[in-house]
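The values are calculated or read from the model by the stated rules, or taken from the named source; none is laboratory data. The model shown is predicted, which means the values in this text are computed figures rather than measured ones. Here the Cβ is made from the backbone with ideal geometry for all residues, glycine too, and neighbour counts use every protein chain on show.
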């Protein structure tokens, strides 16, 4: 099976070619920032607009299942659509960028991550702080039972430790309604 990162880079290069702001989040971001783990999907946040849909579909349609009406609906509702890499049926969930303060902060704070040096390949990912907070948010949405979400947040905390922007982490956790979970994960990581 083709590497998940290679599949993801095909999509992110398309965003870059079309001048669409994006960043990779979810388990791939937490694996790059923290402790790697296998994932069944990749999450990407993209600021895609209606007028970019046809070019996006055209660039990917030979290797991916892409549904233009689904993408247009997701743009109209600021929701999610997915594309599927046909050779392996690997799914990528694309979250249309919302126009709120949390999303705008994430976009400003995204980072370029070098995934291989020779040849050099890069991908834009959510900041470690935003990755932690979103993992806690999804943990809360899942009734606080997903060990994967929790361990992903904990892994990024353990790798970055005191290098994190704790003021921003607190603000982002408050904005997403998870400050209690942030305190709990701090304690487990030995950062309280």
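Report whether or not residue 92 is in the same structural domain as residue 8 (by TED's automatic domain parsing), farther than 25 Å from residue 157 by Cα, under 13 Å from the mean Cα position of the chain (by Cα) and surrounded by 14 or more Cβ atoms within 10 Å (Cβ to Cβ).
yes
Looking only at region 17-50, which residues are in contact with a strand residue (DSSP E or B) (Cβ under 8 Å, 6 or more places away or on another chain), in a helix (DSSP H, G or I) and more than 24 Å from residue 76 (Cβ to Cβ)?
Residues satisfying the conditions are 27, 28, 29, 32, 33.
Within region 95-114, take every residue that is assigned to a strand (DSSP E or B) and within 15 Å of the chain's Cα centre (by Cα) and give me the one that is surrounded by the most Cβ atoms within 10 Å (Cβ to Cβ). Spell out how you get there, then give the answer.
Initial filter on region 95-114 (assigned to a strand (DSSP E or B)): 95-96, 111-114.
So of that shortlist, the ones also within 15 Å of the chain's Cα centre (by Cα) come out as 95-96, 111-113.
Numbers: 95: 18, 96: 21, 111: 15, 112: 9, 113: 17.
That would be 96.
So in region 27-48, with the set limited to residues that are under 18 Å from residue 155 (Cα atoms) and more than 13 Å from the chain's Cα centre (by Cα), which one is surrounded by the most Cβ atoms within 10 Å (Cβ to Cβ)?
Ranking the candidates gives 34 first.
For region 124-145, does any single residue satisfy the condition of being outside the structural domain of residue 165 (by TED's automatic domain parsing), surrounded by fewer than 16 Cβ atoms within 10 Å (Cβ to Cβ) and part of a loop (DSSP other than H, G, I, E, B)?
Within region 124-145 (the criterion being outside the structural domain of residue 165 (by TED's automatic domain parsing), surrounded by fewer than 16 Cβ atoms within 10 Å (Cβ to Cβ) and part of a loop (DSSP other than H, G, I, E, B)), the answer is no, since none of the residues qualifies.
Return yes when residue 73 is in contact (Cβ under 8 Å) with a residue 24 or more places away in the chain and in a helix (DSSP H, G or I) and no when it is not.
Answer is no for this residue.
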